[in-house]
Amino acid sequence: MNAREEILRRVEGIVPTRPAAEVAASYGRIDRSYLRRHHEDGVLDLFAERVADYRATVLRVPAAEAAAAVAERLSARPGSYGVPSDLPAAWTSATDAPLVHDFSVASLDRLAGAVTGCAAAIAETGTIILDHGAAQGPRALSLVPDYHLIVVLAEQVAPDVPEALERLDPSRPLTFVSGPSATSDIELSRVEGVHGPRTLEVLVLQ
């Protein structure tokens with residue numbers, strides 16, 4: 001028996017595994033009469049406001065202008081950009097920046113940044129969710145480069161948390177992004193870029 005198995009054996013001895021049927025029944029008894037959404041109108045306005053509160057840059061543009069907007073943002077930071085292999089070509093068709101589709105984790109630190117899509121977004125909290133599926137690439141792409149440009153479609157923005165979570169597959173690796181990476185020590189000295197991108201920009205396509 002290895003160390004992991006021994007630890008799990010001890011945990012199970014303290015908190016025995018419950019039968020699946022009992023767990024399902026317990027889950028079904030949870031009261032879900034809470035308010036599911038706090039906003040009916042102005043969802044995109046609220047999302048943009050909340051994301052900006054996290055010190056992220058938010059740009060709202062018509063979908064037809066996506067390529068020009070992406071090109072403008074990338075031109076401000078010379079260098080190569082990591083992009084998922086299935087990122088819509090229409091988003092990057094106007095940029096002159098070198099785009100890297102086949103990258104190793106070791107090479108990510110040498111990139112100027114990353115461009116990805118997302119799985120969903122939450123207006124109430126200003127949170128963007130990646131499940132690292134279509135147009136998102138592996139998790140490392142959203143964590144290693146110092147700059148991250150996320151393209152969010154208007155229809156991906158849910159008013160509140162419950163509706164956003166219903167759109168997700170809980171078995172996938174989910175990354176919740178609420179502004180640039182930031183952390184504080186015990187004296188509340190804020191440091192950005194320690195465990196994720198120092199700069200986050202969000203392009204909302206309407």
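The values are calculated or read from the model by the stated rules, or taken from the named source; none is laboratory data. Remember, it's a predicted structure, so these values are computed and weren't measured experimentally. Neighbour counts run over all protein chains shown; Cβ positions are idealised from the backbone, glycine included. The area values use the complete protein model at the heavy-atom level, side chains included, leaving out ligands, DNA and RNA. Shrake-Rupley method; radii C 1.70, N 1.55, O 1.52, S 1.80 Å.
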From DSSP H assignment alone, runs of 4+ in the chain each adding -39500 (n - 2.57), the sum over residues rounded to the nearest 500 puts [θ] at 222 nm at -7500 deg cm²/dmol
extent check for region 118-183: Cα max minus min per principal axis, descending, whole Å, gives 30, 24, 22
Ratio for region 10-74, C-alpha Rg to 2.2 N^0.38 Å, reads 2.11
If the chain between I14 and E72 were fully extended at 0.36 nm per residue, the gain over the current Cα-Cα distance would be 15.2 nm
Total charge of the residues flanking E163 in space, meaning their Cβ is under 14 Å from its Cβ, with Lys and Arg +1 and Asp and Glu -1, is -1
Of V177, V51, ordered by accessible area with the largest first and a 1.4 Å probe, the sequence is V177, V51
Expected max-MSF residue from A123, A90, A135 in the GNM of the chain (alpha carbon, under 10 Å) is A90
The Cα radius of gyration of region 31-150, divided by 2.2 N^0.38 Å with N its residue count, comes to 1.16
With label points set 7 Å from each Cα along the Cα-to-Cβ direction at A94 and T183, the distance between them in nm comes to 3.8 nm
Per residue, accessible area of region 1-153 with a 1.4 Å probe, heavy atoms of protein chains only, in Å², comes to 57 Å²
GluC sites (Glu not before Pro) in region 1-78 lying in a DSSP loop, each with at most 12 other Cβ atoms within 10 Å of its Cβ, come to E40
Rounded to the nearest 10 Å², the 1.4 Å probe accessible area of E187 is 150 Å²
Computed ³J(HN,Hα) along region 9-14: with the Karplus parameters 6.51/-1.76/1.60, θ = phi - 60°, integer Hz and x for glycine or proline, the list is 5, 5, 4, 5, x, 8
Sorted list, accessible surface of protein heavy atoms, 1.4 Å probe, largest first, for Y34, Y147 is Y34, Y147
For E124, the net charge from surrounding residues (Cβ-Cβ under 13 Å; K, R +1; D, E -1) works out to -3
In Å³ per residue, the alpha-carbon convex hull of region 69-115 encloses 61 Å³
Judged on accessible area alone, 1.4 Å probe, highest first, R139, R9 line up as R9, R139
For V23, the accessible surface traced by a 1.4 Å probe with all protein chains present amounts, in square angstrom to the nearest 10, to 70 Å²
Matching label for the computed volume of the Cα convex hull per residue in Å³, out of [x] 187; [y] 171; [z] 132, is [x]
GNM of the chain, Cα pairs under 10 angstrom: of A68, A25, A52, the biggest fluctuation goes to A25
